[in-house]
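Written out below as structure tokens is the structure these notes cover.
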Amino acid sequence: DWARLLVEEPDAERRAKLAACPGLPADVRELLAADPDVRVVGDLALWATADLAARLARHPHAEVRRAVAANEATPPRVLAMLITGEGLPPAERCLVCDSERTPYVHDPHCPRPDCDLPSGASCSGSHESTVHELVEQALWNPATPIEALVRIADHPSALLRCRLAARPDLPPETAARLACDPVPGVRADLAENPAIDE
């Protein structure tokens, strides 16, 4: 009963807190999944069951998809689709293009006190900073199949290659490629990985 009252709450922050609660009634989850505030839907996606996470992976907002990638209940095939983009329609919006005209790169030293965009956030129409965060979340997610992640060994982002190098399910051939990485941090994360051989 409380959930059905709170889902009508005008304060989006309260609805977002509700969305993170376990065991919500199905009708409340459906209302939260259709919430106009992407933060509410993102919090729901982060804690959603497998079925709901699979549905929210098709959400038009990249921020919701990023939350789905972090959810360990998300089915592995859906996580693979989020990484590759295959089988999903392209995301239409992100937090950057919601608030700024694209192309846009957020100033790391932004002087605006009301700005809540992350440092270095950018969008040129392909929501690149949110997609980067989505891949990073999927790399941390133990449910993400390694077969979908091995392509990141050649990714231009050293941060993503570091995350890949630390995966406990890293295949030997991918480890061998990362052992030749030009960035010392990638090789250091690989060296600390107990899953690699001699």
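The values are calculated or read from the model by the stated rules, or taken from the named source; none is laboratory data. These numbers come from a predicted model, not from an experiment. Every residue, glycine among them, receives a Cβ derived from its backbone with ideal geometry; neighbour counts consider all protein chains shown. In case anyone asks, the SASA skips ligands and DNA or RNA and just uses the protein heavy atoms, side chains included. Shrake-Rupley method; radii C 1.70, N 1.55, O 1.52, S 1.80 Å.
Miscellaneous remarks
- Among the residues of this structure, Leu117 does not count as one that is open to solvent by less than 60 Å² (accessible area, probe 1.4 Å) and not in a loop (DSSP other than H, G, I, E, B).
- The listed residue being open to solvent by less than 60 Å² (accessible area, probe 1.4 Å) and over 10 Å from the mean Cα position of the chain (by Cα), out of Thr74, Thr102: Thr74
- Among the residues listed as Ala91, Ala143, the single one being touching a Pro at 6+ places or on another chain (Cβ under 7 Å), part of a loop (DSSP other than H, G, I, E, B), of a type in the set (Gly, Ala, Ser) and more than 21 Å from Glu72 (Cβ to Cβ): Ala91
- Thr74 falls short on exactly one of the conditions (1) in contact with a Gly (Cβ under 8 Å, 6 or more places away or on another chain); (2) modelled with pLDDT of 90 or more; (3) assigned to a loop (DSSP other than H, G, I, E, B), and that condition is (1).
Per-residue answers, yes or no, for (1) in contact with a Lys or Arg (Cβ under 6 Å, 6 or more places away or on another chain); (2) within 23 Å of Glu147 (Cβ to Cβ); (3) open to solvent by less than 30 Å² (accessible area, probe 1.4 Å); (4) part of a loop (DSSP other than H, G, I, E, B):
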| position | (1), (2), (3), (4) |
| --- | --- |
| Ala3 | no, no, yes, no |
| Glu13 | no, no, no, no |
| Cys21 | no, no, no, yes |
| Gly42 | no, no, yes, no |
| Ala80 | no, yes, yes, no |
| Ile83 | no, yes, yes, no |
| Glu86 | no, yes, no, yes |
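- Applying the condition of being part of a helix (DSSP H, G or I), without any contact (Cβ under 8 Å) to a residue 40 or more places away in the chain and open to solvent by less than 20 Å² (accessible area, probe 1.4 Å) to segment 44-66 and asking which residue is farthest from Ser129 (Cα to Cα) yields Leu52.
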